[in-house]
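K.L.:
Take a look at this one; I'll ask things after.
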Amino acid sequence: MSVVELTSANGRVSGKPWKEQKKPTVRSHLQEGVKTKSWEERMAKTQKALAIKKLQAELKDEKVAEAQRRRDVTNQRKEAAEERRRLEEAKAQMGARKAARLRRKAGRTKKINH
């Protein structure tokens, strides 16, 4: 387009022709997506990136699941050990009660002072 100066009666110039001048933008650095010629190439690159992200997410989930499984196993072992300890204490307490009962019973005869 040619620059046409439109002057008014008082000598002002319209800005319209300046606004209409269109030139391609000169860029010293273009992005990779803009440089790529083919749509298929860009889509293949995008699909490859998505596949990599999906694989990374799967590996991360697998790692988290393994850590959770280990924690669960450790907690089960702790609970089982606590249950065994509690049962042994109860067993010892019941044994002590029975022994005390027998001592009391034996003490009633006044033959044994234990």
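K.L.:
All but one of (1) open to solvent by 100 Å² or more (accessible area, probe 1.4 Å); (2) among the basic types (Lys, Arg); (3) part of a helix (DSSP H, G or I) hold for ARG27, so report the exception by its number.
P.N.:
All conditions are met except number (3).
Here is a yes/no grid of residues against (1) loosely packed, with under 10 Cβ neighbours inside 10 Å; (2) at pLDDT 95 or above; (3) closer than 30 Å to VAL34 by Cα:
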{"position": "GLN47", "(1), (2), (3)": "no, yes, yes"}
{"position": "ALA51", "(1), (2), (3)": "no, yes, yes"}
{"position": "LYS54", "(1), (2), (3)": "no, yes, yes"}
{"position": "LEU59", "(1), (2), (3)": "no, yes, no"}
{"position": "LYS63", "(1), (2), (3)": "no, yes, no"}
{"position": "ARG69", "(1), (2), (3)": "no, yes, no"}
{"position": "ASP72", "(1), (2), (3)": "no, yes, no"}
{"position": "GLN76", "(1), (2), (3)": "no, yes, no"}
{"position": "ARG84", "(1), (2), (3)": "no, no, no"}
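The values are calculated or read from the model by the stated rules, or taken from the named source; none is laboratory data. Everything numeric here is computed off the predicted structure, so don't read it as measured data. Reconstructed Cβ throughout: ideal geometry from the backbone, glycine too, with neighbour counts over all protein chains shown. The protein model used for the area step is the full one, side chains on, heavy atoms only, and it has no ligands, DNA or RNA in it. Shrake-Rupley method; radii C 1.70, N 1.55, O 1.52, S 1.80 Å.
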